[in-house]
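Novice: This structure is in structure tokens; I'll ask about it shortly.
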């Protein structure tokens with residue numbers, strides 16, 4: 001279904017019960033959460049979205065990172081809210097910003113493979129963005145061309161062929177300009193809430209082999225959020241919900 005905007009936001013919905021929303025990472029889309037939507041629809045209204053500029057959602061020019069939380073608040077209100085938010089990587093950052101700005105709409109936070117809280121390093125960000133822009137804007141490559149390299153840099157060493165294929169497909173279907181605009185917005189944003197002020201139940205999940213948001217960072221984040229729980233997913237890399245869906249779902253089951 002589509003939730004009217006602008007921009008219109010595409011979502012998958014299944015089940016009935018408390019609202020549970022899944023938020024993909026910068027290389028993802030709503031289909032990344034198919035294992036979780038199927039599992040949790042037995043007792044939740046399980047929703048997975050395409051963020052603006054992704055999948056079947058409309059694009060919007062000149063995006064700011066805060067636009068994502070505004071879109072999310074609109075989705076939550078559409079279903080009646082408040083919502084349990086499960087965000088992976090960029091999705092976790094969006095969930096944190098949504099809690100900061102719309103606290104009454106958030107019932108709990110699950111921050112999966114999420115890196116947030118450190119001030120951005122301008123030089124490092126510029127180098128990272130240049131690395132991502134060059135093949136797409138200067139070398140004429142498509143997201144499908146660069147997908148294998150990106151997946152190799154984020155996946156755990158024991159990723160299954162099926163999970164590897166899903167990640168390749170996810171990155172291959174990105175819209176190049178939306179992807180680059182979102183990368184810039186995500187990496188430059190630093191206005192996160194102080195972890196010590198978060199007052200909703202929080203779960204921090206991290207893949208054992210996550211090189212983007214490593215276990216050490218997850219431990220620091222979980223220790224700083226009052227009452228937060230930490231789950232390390234054995235064998236998984238940065239996209240732990242796809243690489244190890246059974247373990248990811250079990251960690252969420254324990255939390256809920």
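Novice: Looking at 143, 103, 61, which is the one that is out of contact with any strand residue (DSSP E or B) (no Cβ under 7 Å at 6 or more places or on another chain) and either more than 30 Å from residue 193 (Cα to Cα) or surrounded by 17 or more Cβ atoms within 10 Å (Cβ to Cβ) (or both)?
Specialist: 143
Novice: Anything in the stretch 180-221 that is surrounded by 20 or more Cβ atoms within 10 Å (Cβ to Cβ), under 22 Å from residue 246 (Cβ atoms) and in contact with a strand residue (DSSP E or B) (Cβ under 8 Å, 6 or more places away or on another chain)? List them, or say none.
Specialist: Result: 203, 204, 205, 206, 207, 213, 218.
Novice: Sticking with this structure for a sec: Could you please find all residues in the stretch 53-94 being within 28 Å of residue 255 (Cα to Cα), outside any helix (DSSP H, G or I), more than 15 Å from the chain's Cα centre (by Cα) and modelled with pLDDT of 95 or more?
Specialist: 80, 82, 83
Novice: Touching a helix residue (DSSP H, G or I) at 6+ places or on another chain (Cβ under 9 Å), over 17 Å from residue 27 (Cα atoms), in contact (Cβ under 8 Å) with a residue 24 or more places away in the chain and surrounded by fewer than 14 Cβ atoms within 10 Å (Cβ to Cβ): which single residue out of 72, 137, 85, 109 fits that description?
Specialist: 137
Novice: If you go through the stretch 212-248 one residue at a time, how many are more than 17 Å from residue 22 (Cβ to Cβ), in a loop (DSSP other than H, G, I, E, B), modelled with pLDDT of 95 or more and in contact with a helix residue (DSSP H, G or I) (Cβ under 9 Å, 6 or more places away or on another chain)?
Specialist: The number of residues fulfilling the criteria is 6.
Novice: Please determine, by comparing only the residues of the stretch 229-243 that are free of Cβ contacts under 8 Å to residues at least 60 places away in the same chain and surrounded by 20 or more Cβ atoms within 10 Å (Cβ to Cβ), which one is nearest to residue 110 (Cα to Cα).
Specialist: 231
Novice: Within the bounds of the stretch 6-20, is there any residue that is surrounded by 23 or more Cβ atoms within 10 Å (Cβ to Cβ), on the phi < 0 side of the Ramachandran plot and under 15 Å from the mean Cα position of the chain (by Cα)?
Specialist: Yes, there is a match, as at least one residue in the stretch 6-20 is surrounded by 23 or more Cβ atoms within 10 Å (Cβ to Cβ), on the phi < 0 side of the Ramachandran plot and under 15 Å from the mean Cα position of the chain (by Cα).
Novice: Restricting the search to the stretch 95-106, which residues are assigned to a helix (DSSP H, G or I), in contact with a helix residue (DSSP H, G or I) (Cβ under 9 Å, 6 or more places away or on another chain) and either at pLDDT below 95 or more than 20 Å from residue 185 (Cα to Cα) (or both)?
Specialist: 105 - this is the single residue of the stretch 95-106 that is assigned to a helix (DSSP H, G or I), in contact with a helix residue (DSSP H, G or I) (Cβ under 9 Å, 6 or more places away or on another chain) and either at pLDDT below 95 or more than 20 Å from residue 185 (Cα to Cα) (or both).
The values are calculated or read from the model by the stated rules, or taken from the named source; none is laboratory data. Since this is a predicted model, take the numbers as computed values, not measurements. FYI the Cβ positions are ideal-geometry reconstructions off the backbone, even for glycines, and counts take in every protein chain you see.
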